[in-house]
Amino acid sequence: MQDLKLGFKDLLFATQTGDIAPQVWDLFLYKLLKDANDPNLPAFFEACTSGNEGAKQEFHGQYFPYTLNSLREHVDNIIQTVDSLSMKANSYNLSTHPRVPAIVAHNNLVKETFLRVKNQLDAMG
């Protein structure tokens, strides 16, 4: 995130639709290229930091299956983590942990959002 000068406000999934912000795709592709020590990393970085949308789209087209898979894994992991945390929270005694219902409600909102994102990703291939 720091390399691309992105903040959490840039990396959004739409709560109602599951739409994925373009910066999320950029970040996931950047990480894939960086982790693979791919020689295209500097050119992709330049495209991102200079706002060259055409060049970015070429890279996204070339690496789409890999980026899609990485994003799917991330979303699936978030859903599993939220489920696990909700199960743990529901095991607490409400008299000693009165905020459990609020925490579980928040977790449900997060899960519903990520399920919508998952549906978007599944529709892509």
Only one of (1) within 16 Å of the chain's Cα centre (by Cα); (2) among the polar types (S, T, N, Q); (3) surrounded by 16 or more Cβ atoms within 10 Å (Cβ to Cβ); (4) at pLDDT 95 or above does not apply to ASN77, and that is (3)
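Conditions (1) in contact with a Phe, Trp or Tyr (Cβ under 9 Å, 6 or more places away or on another chain); (2) in contact (Cβ under 8 Å) with a residue 12 or more places away in the chain; (3) more than 28 Å from PHE64 (Cα to Cα), marked per residue:
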{"position": "ILE78", "(1), (2), (3)": "yes, yes, no"}
{"position": "THR81", "(1), (2), (3)": "no, no, no"}
{"position": "TYR92", "(1), (2), (3)": "no, no, yes"}
{"position": "ARG99", "(1), (2), (3)": "no, no, yes"}
{"position": "LYS111", "(1), (2), (3)": "no, yes, no"}
{"position": "ASN119", "(1), (2), (3)": "no, yes, no"}
Does at least one position in the stretch 87-109 carry a residue that is surrounded by 13 or more Cβ atoms within 10 Å (Cβ to Cβ), more than 18 Å from LEU4 (Cβ to Cβ), under 19 Å from the mean Cα position of the chain (by Cα) and among the hydroxyl-bearing types (Ser, Thr, Tyr)? no
Selected residue [of a type in the set (D, E, K, R), within 20 Å of the chain's Cα centre (by Cα) and outside any loop (DSSP other than H, G, I, E, B)] from GLU46, GLU112, GLU58: GLU112
Out of ALA55, ALA21, ALA47, ALA36, sole residue that is small (Gly, Ala, Ser) and surrounded by 16 or more Cβ atoms within 10 Å (Cβ to Cβ): ALA47
Taking HIS60 as meeting all but one of (1) at pLDDT below 95; (2) surrounded by 16 or more Cβ atoms within 10 Å (Cβ to Cβ), write down the number of the exception. (1)
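The values are calculated or read from the model by the stated rules, or taken from the named source; none is laboratory data. It should be emphasised that the depicted structure is a prediction, and the values quoted were computed from it without experimental measurement. A quick note on method: Cβ atoms are made from the backbone with ideal geometry, for glycine too, and the neighbour counts reach across all protein chains shown.
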